[in-house]
Amino acid sequence: MLRRTLLKTSALAAVASIAMLGTAFAENPVLKIGFVGVTSGPAAAWGTSNQRSMETRAAWINETGGYDIGGTMYDIEIVSFDDQKDPKRAIAGMEQMAQEGIHYVVGPNVDDGAAAVRPVAEQNGIMYFPYAFPKELYTAPASNAVLGMVANYQSGPAIYKYLMENNGVKKVAFIAGNESDPLSQRDSGSAAAKALGLEVVSDSVTYQMDTTDFTPVLLPVIQSAPDLLVLSGVSPANAPQLIRSARELGYTGLISTETAQDAAVLQEGAGELANGFISVGGASTPELASDMMREFVERYTAMFGEYNDESNTKVYALEYILATIAANPAAMTDVEAFKATMDTFEAPNPYMVGDAKLKYVGTTSFGQKRQVSVPLVVNVFNNGAFETMFVAQVD
Amino acid sequence: MEQILANGLYLGAQYALIALGLTLIFSLMNVLNFAHGQMYVFGGFVTYTVVAQWGLPFIVGLVSSAVILAVMGALIEKFLFRPVIRKSKRDESTMLLAAGIAFFLDAVILLLFGEKQRGVPKIVDGVFNWDMRLIMPYDRILIGVLAIALIVGFIALMQYTKAGRAMRALAQDRMAAQLMGVDVDRYSMIGFALGALLAGLVGGLLVTITGINLGMGGPTSIKAFMMIMIGGAGVISGAIAGGFILGMMESIGLTVLAVYGDITYLAIFASLMVFLAFRPQGLMGKPWG
C-alpha cells in the first residue's frame, strides 16, 4: 500500500514537474539566431569563440528574463552549424538556417565560405555577419552581409604606418598559408605596404596549412633581411610555430599579423620568443572594458572553462543584431526593414566605458554601412599577456 | 645542402615513427587504421595535460601518452575490431569502423581538450648554428635522436622478443601462425596496442616542437598512408624507408621549389602517382600482399 502511494506520488510529481517545465519554457517567445562557421580543425578557435560568445550572451539574456523587443521579452536560442571551413558545408548550413526560418546568422569565418553562402542568404532573406574580408560581399549590389570585425586592409596600413613612424621600419616581408584568406590578406597587405613607401623584400613564400616544421619554409624569407615580417592571415595554430622558427633562425626584427591571436596559445607554443609579436586584438582592453564586458568574460569563463581573447570582438555581432531589431521590431522577420534601420541606427555600446556607440560603419571602404563599429585594438605580446600598442577607429 | 639534409633527417625520423604504428596494425590485422592521426593527436594532448597543466616532468607526460594510448588501442581492438573482423568478411567493414573511430576521437578530443592549439615549453633551450650553414635548435636534435632510438628499440622488440616473433609470424601468415600455436587474439591486441602506443609517443614527442591541435589528425593520417604506400604496406622496413624518403622529399622540395610557390606536395603527389603506376606494392611490399 505504502509502495503504491509512493509510486503514485512520484508519478504525479514527475507529471507536475514536466508541466511546470513546459510552462517555464513557454513563458517567452523564442527568437532564433544562427551561427554558421568553423568549430573543428586547425581554425576551430575562430568559430568556437563566435559560438561560445553567442551562447554565453544568450544564456545571460535568458537568465535575466529575455530581450525586450517592442515590449515583448524574447528568449534567445542559438542554432549552430559547423561548416568545417568547407564552402559546400557552409552552403548546407545556411540552407538549414533558412529551413528553420532564421533571418540573422553570424558567420562564416573565412572568405570562401562567406562568398559561397551569399546566394542562399540573399534568396532566403537572411542577413549574415561574416568574419571575412572580400569587399564585394559588402559593396553594392550586395547588401545582406555585414562585416563583423575590422578588415586587414583597414588594420594593416595602420600598423605599418605606426611601425614606420615609431620603429623606423623600411623593409617588410610577407609569408602566408596556401589558402584563400591568407593569400588575399598577403596581397592586400603587400599592396598597402608599397603604397606607404615600404620596400617589400619578399612576398612569394607560402606554406601548407598542416606544416609541422617551418624552418625550411622561413629560411629564404629570413635571408631577405626584413625589418618587419608579416604573417598574413596566420591561424592561431600556426602563429607560435612560425614565430619560434623565425627566432631560432636568428631573426631579430619585428613580427606582426592582422589576425587576432590568443595569448595563452602564444605563450605555450613560443614562450618568450613571442615577446614583441604584434597582432590585432579583440575589441577591448582593460582601459576600454565596461562592467558588462567584465561580467561577460566571467560568465564565458564559467560556462566554458577558459576565455578566448577573440571573444572581445565576437561578442558584438549578436548584440548588434538584437539591438537593431529592438530599434525596429519589424526587422525581426523582414531584413529590408533591418537594412533601412542600419543607416541611422545608434545605441549605447554596453561593452565599453564612456559614451561609445553601437553603429554601423564601412562607408569609406564599401560605399555603404555594412560593417559593425568595433575599436581597432593593436596589441603587442609580452611575457604571456597582450599589452595595448594603440587603439584606432574605422569609419 | 647541409641544412636540407638535416631537415630531411629530422622530418624523416618523426614520419617513420608515425608510419611504423600504422603499418604494424595493417600487417597484423589487414586493417587500414584511419584513426591513427587522431591517436597521435590524443597522445600529444595527454602529454600537454600532464606537463603544461599538471606541471609534471616531460618524461612522465611521454610515458602517460604511451600507456593511455596502448590501453586505448587494446580496448579498440578487443571490443570494436575483433567482433567486426569475426562477423564480416568484407574489408570495407573495418575501414568504415576505423573512419568512425577517427570521427569519434575528434569529438572526444574537442570535448576533453578544447579547440585551441596547445604546446609545452621547450625541453632544451638553444640553437646549434654551424656558420649559418646548418641551423638546428637543440630540442629538434633531441627529438630526432629520441625518434631514431625508438625506431631501433621497436625493431629490436620485433626481432628478439617472443611477442615480436609471434607478431611477425601473424603478419606473414595468420592461419599458419594459429596452427603453430600462436594466440591470434592476444597478439592482435598487443599489436594494435603497440601501434597506438607509437602514435601516442610521437604525439607526446612532437607537442614540444610543433604543438598540437584538433585538426592535425587527418593530415597526419594522410602522410602516414603516403609513407606506407612508398615503402610497402605492412612491411616494417618499408615504413621506415617511406618515412625518411618523404621527409627528405619535403625538405628538398621546400628549399629547391620555394621560388615556384607552394608546389612541394604537388610534386610529391605527382611523383607518387607515377611511382605507384610502376610499383603499386611500394618499395619493399610483395605484389601478392
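Just so it is clear, none of the values below were taken in a lab; they were calculated from the coordinates. These numbers come from a predicted model, not from an experiment. Glycine gets a Cβ as well: all are built from the backbone with ideal geometry, and neighbour counts include every protein chain shown.
For this structure, a couple of remarks:
- Segment B:82-127: trypsin sites (Lys or Arg not before Pro) in DSSP loop, at most 16 other beta carbons within 10 Å: B:Lys89, B:Arg90
- Nitroxide proxy distance, nm - points 7 Å out along Cα→Cβ at A:Asn275 and A:Gln123: 5.6
- Within the listed set B:Asn129, B:Asn30, B:Asn213, the residue fluctuating most in the Gaussian network model of chain B (springs between alpha-carbon atoms under 10 angstrom) is B:Asn129.
- Length added when fully stretched, B:Leu110-B:Gln53, from 0.36 nm per residue minus Cα-Cα: 18.8 nm
- Taken one residue at a time, the phi angles of segment B:188-198 give Karplus couplings (6.51, -1.76, 1.60, θ = phi - 60°) of 5, 5, 4, x, 5, 4, 5, x, 5, 4, 4 Hz. Gly and Pro are set to x.
- Residues with amide H under 5 Å from that of B:Phe128, placed H, sequence gap 5 or more: B:Met136, B:Tyr138
- Segment B:1-70 and segment A:229-271: distance between their alpha carbon centers, rounded to Å: 24
- Modelled this way, with points 7 Å down the Cα-to-C-beta line, the labels at A:Ala385 and A:Glu199 are 3.9 nm from one another.
- Isotropically averaged projected area of the protein assembly as shown, using the convex hull of Cα atoms (one quarter of hull area), nm²: 36.3
- Viscosity 0.692 mPa s, 37 °C: Kirkwood-radius Stokes-Einstein D of chain B over Cα pairs, µm²/s: 169
- Rounded, prolate or oblate (a/c below 1.5 giving rounded, otherwise prolate when a/b exceeds b/c) for segment B:111-153 by Cα gyration tensor: oblate
- Top of B:Phe42, B:Phe34, B:Phe103 by mean-square fluctuation, Gaussian network on chain B, Cα under 10 Å: B:Phe103
- Long-range HN-HN contacts of A:Lys32 with modeled amide H, under 5 Å: A:Glu77
- Rg to Rh, two decimals, where chain A supplies the alpha carbon set and Rh follows Kirkwood: 1.04
- 10 Å binning of all Cα-Cα separations within segment A:152-259, expressed as whole percents from 0 upward: 16, 54, 28, 2
- Once the C-beta distance of A:Asn167 and A:Glu287 is scaled by a Förster radius of 25 Å, the resulting FRET efficiency is 0.65 to the nearest 0.05.
- Cα-Cα over 26 Å, subset of A:Lys88/B:Lys89; A:Lys194/A:Lys339; A:Lys32/A:Lys359; A:Lys85/B:Lys122; A:Lys135/A:Lys161; A:Lys85/A:Lys135: A:Lys88/B:Lys89; A:Lys194/A:Lys339; A:Lys85/B:Lys122
- Over segment B:80-182, equivalent-ellipsoid semi-axes from the Cα gyration tensor in Å: 39, 26, 11
- Of A:Thr252, A:Thr212, A:Thr333, the one that fluctuates the most in a GNM where chain A has Cα springs shorter than 10 Å: A:Thr212
- Loop-located GluC sites (Glu not before Pro) in segment A:253-294 (DSSP state other than H, G, I, E, B) with a sparse environment of at most 12 neighbouring Cβ atoms within 10 Å: A:Glu287.
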